[in-house]
Amino acid sequence: MSMRIIGTGSALPEKYVTNNDLAELVDTSDEWIRERTGIAGRHVSTGETVAELAALACGRALADAGRRAEQVELLIVATCSPETGIPSVACQVQSSLGAVNAVAFDLNAACAGFLFALHTAWAYVQSGICRNALIVGAEVLSKLVDWTDRGTCILFGDGAGAVFAEQCDRGGILSFVQHSDGRKGEVLRCDSRALTNPYVRGVMQSPWVKMDGREVFSFAVRQVPTGITEALRQAHLKAEEVEMFVLHQANFRIIEGIARRLGLDADRFPMNLDRVGNMSSASIPVLLDELNRAGRLKEGMKMVLSGFGAGLTWGACVLNWQREC
Ligand code: COA
């Protein structure tokens with residue numbers, strides 16, 4: 001028993017912010033941002049919430065899969081930027097979709113969130129707890145970013161991507177690996193809110209994203225190829241046999257570095273970060289949706305999905321793209 005993705009969807013906020021727009025806010029330039037990251041622009045919420053974007057992406061994934069909301073049995077939203085602590089984003093999405101029969105919950109593994117959610121759904125489906133799942137990565141990072149910090153505000157974008165997946169007898173997901181290393185949590189963090197209960201005299205340092213960019217960069221280039229190799233070994237495949245590597249869209253230099261370490265040409269690593277920036281858990285499913293809608297995902301092709309980010313967290317999945325059973 002395994003699980004295959006049969007529908008994808010995505011949603012992006014309307015407002016588009018270019019590097020030149022950012023150069024009016026902080027001391028930076030279009031040239032610097034493009035050269036160091038590959039990013040040219042990103043969508044930024046002017047009011048769209050994580051739950052709204054997630055619900056839109058889910059509706060599109062269900063339509064693509066030809067399924068109705070009432071058929072959904074599991075709904076997992078990966079996010080690190082929810083507007084509400086409770087109720088979960090997933091329960092809000094469930095309500096707006098009318099996915100009345102779903103079990104819904106959120107999961108936070110930062111930029112590896114979509115991968116961790118997909119792995120969780122796979123485990124549920126494989127064990128027979130449910131027969132299908134809507135898996136979503138959705139973020140409005142613009143509200144966590146310090147818009148005066150040129151080291152971080154240039155990197156991130158807002159958006160949501162979703163996949164609908166269901167059980168299958170063969171193909172689909174072939175292997176999965178997941179890793180976390182909390183000892184390195186300091187290199188990318190975002191405190192939530194000041195503690196104000198009467199027993200604690202504490203003020204959080206800063207509610208904004210703080211990052212040691214170089215540390216994050218070297219972690220990604222070092223660990224991600226190891227995780228991918230581990231997942232490929234489990235699937236009994238060689239990297240050369242994989243047609244497409246859909247990676248978290250953090251930085252084109254990170255992706256090129258990973259390709260080099262795997263001994264592969266970067267043209268097997270599709271990118272959209274130039275247009276949308278780093279959307280954390282939404283990066284992989286939004287790119288997957290773009291590729292699906294562009295007809296670039298061929299029946300039976302071998303693919304790797306890999307995400308990495310704060311925590312630290314990272315993971316990789318090998319799959320056979322197979323919409324037909
Ligand atoms: N515009 C212009 N200059 C900038 C800048 C910006 N937006 N951001 C930083 N700089 C400056 C720095 O202040 C520094 O100046 P200095 O030499 O005078 O001190 C110089 O550029 C080099 O900074 P550095 O941080 O060493 O640059 P870098 O080559 O490491 O690139 C990142 C910075 C953030 C682009 C890069 O480290 C990166 O992409 N890291 C990974 C981040 C990431 O992907 N995070 C999310 C993971 S999920």
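The values are calculated or read from the model by the stated rules, or taken from the named source; none is laboratory data. Given the structure is predicted, the values throughout are model-derived calculations rather than measurements. Positions of Cβ are generated from backbone atoms using ideal geometry, with glycine treated the same way; all protein chains shown enter the neighbour counts. We work out accessible area using only protein heavy atoms, side chains counted, and drop any ligands, DNA or RNA first. Shrake-Rupley method; radii C 1.70, N 1.55, O 1.52, S 1.80 Å.
Quick notes on this one:
- The numbered conditions (1) open to solvent by less than 20 Å² (accessible area, probe 1.4 Å); (2) under 19 Å from the mean Cα position of the chain (by Cα); (3) over 21 Å from S175 (Cα atoms) are all true for E256 except (1).
- Set S29, S45: member being polar (S, T, N, Q), under 19 Å from the mean Cα position of the chain (by Cα) and open to solvent by 20 Å² or more (accessible area, probe 1.4 Å): S45
- Residue selected from segment 81-111 under the condition part of a loop (DSSP other than H, G, I, E, B) and farther than 19 Å from Y124 by Cβ, by the criterion farthest from the chain's Cα centre (by Cα): G98
- Criterion: open to solvent by less than 10 Å² (accessible area, probe 1.4 Å), within 24 Å of T120 (Cβ to Cβ) and either more than 16 Å from the ligand (Cβ to nearest atom) or in contact (Cβ under 8 Å) with a residue 12 or more places away in the chain (or both) - qualifying residue of A78, A55: A78
- Residues within segment 23-39 that are basic (K, R) and more than 6 Å from the ligand (Cβ to nearest atom), tallied: 1
- Residue among L118, L134 that alone is at pLDDT 95 or above and in a helix (DSSP H, G or I): L118
- Scanning segment 259-283 for residues that are open to solvent by 10 Å² or more (accessible area, probe 1.4 Å), within 15 Å of the ligand (Cβ to nearest atom) and either at positive phi or aromatic (F, W, Y) (or both) yields nothing.
- Residue-level analysis places H248 among those that are within 11 Å of the ligand (Cβ to nearest atom), within 25 Å of K298 (Cα to Cα) and either within 19 Å of the chain's Cα centre (by Cα) or open to solvent by 70 Å² or more (accessible area, probe 1.4 Å) (or both).
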